[in-house]
Structure formats: C-alpha cells, structure tokens
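Please read the structure below before turning to the comments.
The values are calculated or read from the model by the stated rules, or taken from the named source; none is laboratory data. Only a predicted model underlies this, so the values are computations on that prediction, with no experimental measurement involved. Ideal geometry is used to build each Cβ from the backbone, glycine not excepted, and the neighbour counts take in all protein chains shown.
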Amino acid sequence: MNEGATRRRAWLVWGLAAAFYAYGFFQRVAPSVMVEDLMRDFALDGALLGSLSAVYFYAYAAVQIPVGVLLDRFGARRVLIVGTLLAAAGSAVFALAPGLGLAIAGRALVGAAVGFAFIATLKLVTACFPPRRFSLMAGLTLAAGMAGGIVAQAPLGALVERFGWRPIMLAAALLALALSLALALSLSEWRSDPAREPSGTAPAEVADPDGLLAILRTGPVWLLTLYSACMSAPILALAGLWLVPYLVQAHGLGRAQAGALASLMLAAWAAGGPAAGSRKGSARYAPCSAAPRSMPPACWRSAWSRSRRSR
C-alpha cells in the first residue's frame, strides 16, 4: 500500500472510531430533548428522570479502567466492534422498554458500551498517525463527539416532535449496527505499524497491580481528574439534560429552539479541542487538547507507561 493510500486508510479508520464516540455523545445528550416524553411515558418525576439520565454516566465511568485493560489485551478492533454491538442492543432495549426498569437497563448498557469509544480511538491514533499529530487528533476526536451532541439537540428535537422518541432510538440502534459492520470491514484490512501497535500484551503485564498503584500515587492524575469533574459536570448537566426543558418551561421556547441554544455550549467545547491541539508545541499539552474529557485517561496512560519503564 503506497503512502497516499495508507494516509487515506488512517483517516478512514480514525473517522469510524470517532463516529462511535460521536454516537456516544449523541446518546448522552439525547434525553434533553425527550424530557416531557420520558416523564409522560414512564410516569417520572424530576428525581427519577435524573436517575434515568445519570445511569448512563455511572456505567460510562465504571468501564474506564477496564477498557484500558481490554484494549491492551485484545486490541482496538475487537473492543470497538463489541462496543458498537452492545450500544445497539442498549438503544433497542431503551426504545422498547415498557417501564422504568428496562429503560434504566438500556441506558446503562449504552453508557457502558460507548465508554470504549474515546480511549479506543486514541489507541488507533497512536497506531495510524505520527506522534506529533496526537494532540491535534485528540482534539478532533473531541470535536467529533461534540458534533454528535449537537445533532442530539435541535435536529433530534425536531425529529422527536415528528416521529416520537421510540422510533428515533430504534433508528439509533440500527445506526450502531451499521457502524459495527463498517468498523469490522475497515479494521480487518488495516495493518498498523508493529513498532507502535503491539499485536498483544501478556495478561500478567496488563493486570499488573504495581502499575495501577503507581498511577494512584501520581499527583497530577488526581488534580486533573478533579479539574475534569469540575469542568464537565455543569456542561453535561445543563446541555445533557436540564437546559432544554428549562428554556421551554421558563422562557416559552420551542423544543428545537431550546436545543439550538443548548448546543452552543457543545459547539464552543468542540472548537476548543482542535484549536488547542493544533498549537505549536502542543505535544507537551496533549491532555489539554481534549480538555476536559481526555485529561484523566491521558494522564493515567502516561503514568502507566512510566511505571512500566521504571521496572
């Protein structure tokens, strides 16, 4: 494969993986334009609606350390394919749920499944692009995710008003299945540089508790994790759920108009990632190129690498 074809293949592989991250952000933000429908169909009050939305984040957070281990053990291709299949199943369960219990199960499954997307995409970036491009590609990956969130605001609000939320979530399940097929076909033909993408990692190395302890003893990990939590929480709480119904009820806006205003937060977040990643010397600030989303994973990975080199 010549250099031009290799470059095009690298962008295709990244684009499909980043599309899965965008799909995850779409699912994350989607309930914000379905608030009235969900409260009516499942007889929810505000607290229960918040719980239904939050279960996505609980599941997403729970898989972040296991996903790193799974990626090192099995590689990005299998992890991404399994993740998209699980996301499709979760979206279908949520769409067809007759009651709150299955709806929570579906949202949890989606949250756990899309939790694979961001770190797997960055792993592919390290295999498909030169190291100097990492910060920019991390920022572009974040921008792709925000694009998914923007689609889940005004455009999704208009679709929900016309077709209802259940058909739209079923369509999202089919989209995840199509993405899984595309990933399987594209990554089966991809041959990464073996110097940068090891074919496998021994289980003893992957699950080494000393490496995890070294990470936990790394001060910047905790500082940046706190920073990420403080930055992400208000954005995701507002843009991801409560801002749209607030604008509808308090200011009398239509669902599509409120979604368009809420999407401005995500658009600004999307612009910041590539802008920071493209700056000269940004390799030193790789975590910042996707701040605040990628800071903790980037630091955990860096600390893990240092702990292994020190032995």
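Of all residues in the stretch 156-182, those that are farther than 10 Å from residue 33 by Cα and within 20 Å of the chain's Cα centre (by Cα) total 15.
Take the conditions under 26 Å from residue 167 (Cβ atoms) and either aromatic (Phe, Trp, Tyr) or at pLDDT 95 or above (or both) and apply them to residue 20. Does it pass? Spelling it out, residue 20 is indeed under 26 Å from residue 167 (Cβ atoms) and either aromatic (Phe, Trp, Tyr) or at pLDDT 95 or above (or both). Kindly indicate whether any position in the stretch 24-37 is of a type outside the set (Ser, Thr, Tyr) and surrounded by fewer than 21 Cβ atoms within 10 Å (Cβ to Cβ). Yes, the stretch 24-37 has at least one match. Quick one: is residue 219 of a type outside the set (A, V, I, L, M, F, W, C), modelled with pLDDT of 65 or more and exposed (fewer than 11 other Cβ atoms within 10 Å of the Cβ)? Yes: the conditions hold for residue 219.
Of the residues in the stretch 86-95, at least one is among the β-branched types (Val, Ile, Thr), at pLDDT 90 or above and on the phi < 0 side of the Ramachandran plot. Candidates 114, 69, 110, 82: the one that is surrounded by fewer than 18 Cβ atoms within 10 Å (Cβ to Cβ), aliphatic (A, V, I, L, M) and in contact (Cβ under 8 Å) with a residue 60 or more places away in the chain is 69.
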